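Readers should treat all values here as calculations from the given coordinates under stated rules, not as data from a laboratory. Everything numeric in this text was worked out from a predicted model, so none of it was measured. Positions of Cβ are generated from backbone atoms using ideal geometry, with glycine treated the same way; all protein chains shown enter the neighbour counts.
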Amino acid sequence: MDIEEMKEEVEEKLKKYKQEHLLNGYENLTDQKKIELLKQLESIDFELINSLYRNMDKEEKENKVKIEPIEYMDKYNLKDKFKYYEQIGEKAIRQGKLAAVTMAGGQGTRLGHKGPKGTFDIGLDSHKSLFELLCDSIKKEGDKYGVIIPWFIMTSEENHDETVKFFEEHKFFGYRKDINIFFFNQGKLPMIDTEGKILIGEDGLVKQAADGHGGVYSALQKNGMLEKMKQMGTEWIYIGGVDNCLAKIVDPVFMGIAIDKGVIGASKSVVKASPKEKVGVFCKKNGRPSIIEYTEISDEMAEATDENGELKYGESNILCHIFKISAIEEMAKKPLPYHVAFKKATYIDKDGNKIVPDSPNAYKFEAFLFDAFGELDDMAVVRVRREEEFAPVKNAEGTDSPETARELYIKLHNK
Ligand code: UTP
């Protein structure tokens with residue numbers, strides 16, 4: 001098909017979905033850019049975008065959802081079973097059955113660091129970046145069990161090149177590219193304005209943004225990462241964020257529990273600091289594993305305690321999970337709901353002017369990783385110690401900031 005025919009088809013599609021403005025600047029583009037834009041427009045699911053816009057104000061009706069506490073195990077209250085689980089997990093790790101996935105496609109808006117969040121230096125004497133701290137941990141644990149844990153890093157279109165460049169500059173922290181480290185790109189979705197119109201970015205192409213950490217399942221599958229893992233003999237996949245500098249990626253006890261319980265997914269939790277802490281907590285929704293967000297939980301539920309005086313909904317999600325490959329395949333099949341975020345986005349208006357907003361002007365759609373948990377019949381939730389495994393870098397200052405993460409890191413490593 002030649003470029004004119006392509007354009008005609010795209011025009012028809014745009015007309016159908018009332019997005020004709022997307023070709024306003026077409027004539028000013030280079031031939032190569034013209035083709036790029038047309039290909040982009042061909043591949044966009046306008047039906048989905050329009051329906052996301054239409055349904056934005058409709059609150060999800062969860063009236064029929066039955067919410068109950070979920071069972072959990074405390075890693076440090078396993079008594080003589082601790083060794084038992086540890087041995088099971090250790091055997092699997094030694095057999096090379098574990099691979100690690102770090103989700104590093106986020107924008108890190110709250111931190112405000114220029115560059116991918118994983119490149120951020122939390123201010124240790126060593127000046128190691130978050131990526132290097134995670135890599136140190138993976139290498140050290142791998143050495144302990146005589147294996148090299150393959151490390152898969154999810155990037156987004158916005159930060160892929162910068163991330164890879166950073167790894168190259170740091171010689172992959174001693175890991176080997178294409179043998180031990182693999183990068184893969186997450187999916188993206190167009191951003192729209194308050195009228196539901198898709199935006200054009202400064203490059204003349206559709207303005208797209210990463211589709212949320214829930215995109216990890218399909219990104220692993222579509223980019224051939226699951227196949228690669230299968231060839232390597234991987235059975236279990238760790239999935240975690242890039243910003244927890246204490247993430248214990250290789251944990252034989254955690255893995256041993258999952259294997260012994262016969263589940264295909266397991267998550268770590270830490271005890272909620274207070275009933276009002278702004279974190280999502282594990283629960284069961286209609287009998288299936290899930291997370292209830294702090295915005296969804298009633299005061300009464302948040303404060304409810306059990307016979308031991310512990311919060312009934314007190315297991316906070318720290319974005320630290322392991323799944324069997326089959327679980328990922330299952331979760332990748334199911335389209336996840338998209339959550340809306342209102343963000344600042346520079347764009348080109350219909351008259352060709354560049355607009356740099358000083359307040360949010362556009363909607364972005366994100367899927368959440370845990371919205372897929374309901375696909376699993378069961379999941380093991382394992383409580384770990386916050387001071388040993390959870391030091392996130394989310395905000396520039398205050399709670400969960402470089403300062404708090406650094407203190408926790410130093411405290412643990414000086415122990
Ligand atoms: P957060 O939800 O904390 O987002 O991501 P963020 O991008 O780091 O920070 P804010 O909200 O913009 O301030 C938790 C983890 O999920 C990854 C992030 O990189 C982080 O490791 N993530 C998030 C992705 O990989 N892709 C996404 O689209 C969103």
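A few remarks follow.
- The convex hull built on the alpha-carbon positions of the stretch 103-255 has an orientation-averaged projected area of 10.8 nm².
- Projecting the alpha carbon convex hull of the stretch 285-345 along each direction and taking the average yields 7.3 nm².
- Spin-label model distance (nm) - LYS222 vs LYS81, 7 Å beyond Cα toward Cβ: 4.0 nm
- Note on the stretch 90-131: along the principal axes its Cα atoms extend 41, 26, 12 Å, ordered by decreasing extent.
- Simple Cβ-charge dipole of the chain, Lys/Arg +1 and Asp/Glu -1, about Cα centre, in debye nearest 20: 1160 debye
- Taking a ≥ b ≥ c as the square roots of the eigenvalues of the Cα gyration tensor, the stretch 369-415 is classed as oblate, since a/c reaches at least 1.5 and a/b does not exceed b/c.
- Residues HIS413, HIS213, arranged from fewest to most other Cβ atoms within 10 angstrom of their Cβ, appear as HIS413, HIS213.
- P(r) tail for the stretch 168-288: Cα pairs beyond 21 Å make up 63% of the total.
- If R0 equals 30 Å, the separation of the Cβ atoms of GLU303 and ASP260 corresponds to a calculated FRET efficiency of about 0.35.
- 5 angstrom amide H check on ILE264, placed H, neighbours 5+ away: ASP378
- Given in Å, the Rg to one decimal and the Dmax to the nearest whole number for the Cα atoms of the stretch 232-351 are 17.9, 65.
- Rh (Kirkwood; distinct C-alpha pairs) - the stretch 265-415, Å: 18.2 Å
- Candidates GLY25, GLY287, GLY309, ranked by Gaussian network fluctuation over the chain, Cα under 10 Å, top entry: GLY309
- Sequence ranges 348-355, 141-148, 111-118, ranked by mean other-Cβ count within 10 angstrom, highest first: 111-118, 141-148, 348-355
- Helix 81-94 vs. the chain, principal-axis angle (Cα, 0 to 90°, nearest 10): 50 degrees
- As a calculated quantity, the FRET efficiency between LYS66 and THR399 at R0 = 35 Å, using C-beta atoms, amounts to about 0.60.
- Relative to its residue count, the stretch 230-287 spans a Cα convex hull of 152 Å³ per residue.
- Relative to the longest principal axis of the Cα atoms of the chain, helix 3-16 runs at roughly 70 degrees.
- Calculated [222 nm] ellipticity per residue, helices only, for the chain: -9000 deg cm²/dmol; basis is -39500 (n - 2.57) per DSSP H run with n ≥ 4, divided by all residues, nearest 500.
- For the stretch 181-216 versus the stretch 287-303, the gap between their alpha-carbon centres in whole angstrom: 30 Å
- Reference-scaled alpha-carbon Rg (2.2 N^0.38 Å with N residues) for the stretch 1-136: 1.81
- For the chain, built as a Gaussian network whose Cα springs stay under 10 Å, the top-fluctuating residue of ILE67, ILE328, ILE249: ILE67
- Pairs of alpha carbons in the chain whose separation is greater than 32 Å (percent): 40 percent
- Listed residue pairs exceeding 23 Å between alpha carbons, taken from LYS284/LYS343; LYS39/LYS350; LYS75/LYS411; LYS114/LYS364; LYS79/LYS284; LYS91/LYS284: LYS284/LYS343; LYS79/LYS284; LYS91/LYS284
- Taking every alpha-carbon pair in the stretch 173-230 and binning the separations at 10 Å intervals from zero gives 20, 34, 28, 15, 4 percent.
- Rounded to the nearest 10 degrees, the inclination of helix 252-261 to the longest alpha-carbon principal axis of the chain is 90 degrees.
- Computed from the Kirkwood radius of its Cα pairs, the Stokes-Einstein diffusion coefficient for the stretch 107-194 at 20 °C and 1.002 mPa s stands at 149 µm²/s.
- Taken over the Cα atoms of the stretch 30-95, the convex hull encloses 279 Å³ per residue.
- For the stretch 1-61, convex hull volume per residue from C-alpha positions, Å³: 91 Å³
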